[in-house]
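This report concerns only the one structure given below.
The values are calculated or read from the model by the stated rules, or taken from the named source; none is laboratory data. Given the structure is predicted, the values throughout are model-derived calculations rather than measurements. Cβ placement follows ideal geometry from the backbone for every residue including glycine, while neighbour counts extend to all protein chains displayed. Each accessible area value is taken on the protein alone, full model and side chains, heavy atoms only, with ligands, DNA and RNA left out. Shrake-Rupley method; radii C 1.70, N 1.55, O 1.52, S 1.80 Å.
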Amino acid sequence: MERINLDAVPQEALTGHTSKGDQPKWQVKEKWYKADHMGYEALSEIIVSHLLTRSNVHDFVLYQPVVIEYQGRELRGCESENFRKKGEMLVPLERLHRAHEGQGLAQTLGRMTEPKERLQYTVNFVERVTGLSDVGQYLTTLLELDAFFLNEDRHTNNLAVIRGEDSGKFRLCPIFDNGLALLSDLHDYPEDADIYTCIGAVQAKPFARTFDEQVEAANDLYGSYLKLSFHKKDVTELLKSLQGFYSEGLLRRVEGIIFEQMRRYGIYF
């Protein structure tokens, strides 16, 4: 297992962009490191990204396990490449909307009653101000992934585009930031809790409170895109490779969650 000492590296300032608090993050040259904060966020990032290698999703951030040494502590974490090129900045849709419309996107969506209306407004806004196309397909894929992996943190600050500071041109982000998927928040979903009860308690964002409502709205508007091609044995082997990094109990829990989601969302296979 890779190890890295980050004592000499300043921790990135907390952004407040997540509804549940920020993970500790560090940047070292062209790599990012994130440590667990509320449970097993790094495990979630690793599992989701590696399973995406067996899907029709091609633009995503791949995360690898790493032990982070920081201020006398050993932290479980993950490592990834910096997906922003030189001179590029990440622009959350919340901030983009505020810059163009004078208020945040979440506030505007809050005045709408239907998931389909909220999603269509968001797609039209992003395409209008960025010149991008296929935003509907992009968001649909994200919402389908969030439903499958139970990502509860896809709020309007965690949806973003990338802007070239010199060119002013935009591009879509690769898929990243799945740390609060797979019931990784052990404060809200304790390790000894029934996973089926926990799965039923997870609330979606940002267009509806249930994942299926969001996906139904997206599929009605833009079609269905996600295709997964992994099998149960692939999940088991991937988790087996992380033995010793996380406890057997947590690994079995994540395996059970994914198997249940494979049963529920067989349409994606």
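General observations
- When segment 191-204 is limited to residues that are farther than 16 Å from H155 by Cα and of a type in the set (A, V, I, L, M, F, W, C), the one that is surrounded by the fewest Cβ atoms within 10 Å (Cβ to Cβ) turns out to be A201.
- When residues of segment 65-87 are limited to those that are open to solvent by 40 Å² or more (accessible area, probe 1.4 Å) and not in a strand (DSSP E or B), the one nearest to L182 (Cα to Cα): F83
Residues are listed down the side, and each one gets a yes or a no for (1) open to solvent by less than 50 Å² (accessible area, probe 1.4 Å); (2) of a type in the set (G, A, S); (3) within 19 Å of Q27 (Cα to Cα):
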{"site": "Y63", "(1), (2), (3)": "yes, no, yes"}
{"site": "H97", "(1), (2), (3)": "yes, no, no"}
{"site": "L105", "(1), (2), (3)": "yes, no, no"}
{"site": "Y121", "(1), (2), (3)": "no, no, no"}
{"site": "N124", "(1), (2), (3)": "no, no, no"}
{"site": "R128", "(1), (2), (3)": "no, no, no"}
{"site": "Q137", "(1), (2), (3)": "no, no, no"}
{"site": "L143", "(1), (2), (3)": "yes, no, no"}
{"site": "D146", "(1), (2), (3)": "yes, no, no"}
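- Residue among L109, L90 that alone is touching a residue at least 40 places away in the same chain (Cβ under 8 Å), assigned to a helix (DSSP H, G or I) and either closer than 30 Å to Y246 by Cα or touching a Lys or Arg at 6+ places or on another chain (Cβ under 9 Å) (or both): L109
- Flag if I195 is touching a Lys or Arg at 6+ places or on another chain (Cβ under 8 Å), of a type in the set (A, V, I, L, M) and under 24 Å from I267 (Cα atoms): yes
- Of residues in segment 179-190 being of a type outside the set (D, E, K, R) and open to solvent by 10 Å² or more (accessible area, probe 1.4 Å), the one nearest to F230 (Cα to Cα): L180
- The residue that is modelled with the lowest pLDDT, among those in segment 112-141 that are among the small types (G, A, S) and assigned to a loop (DSSP other than H, G, I, E, B), is S133.
- Any hit, segment 205-221, residues being in contact (Cβ under 8 Å) with a residue 40 or more places away in the chain, in a loop (DSSP other than H, G, I, E, B), open to solvent by 30 Å² or more (accessible area, probe 1.4 Å) and farther than 20 Å from N82 by Cα: yes
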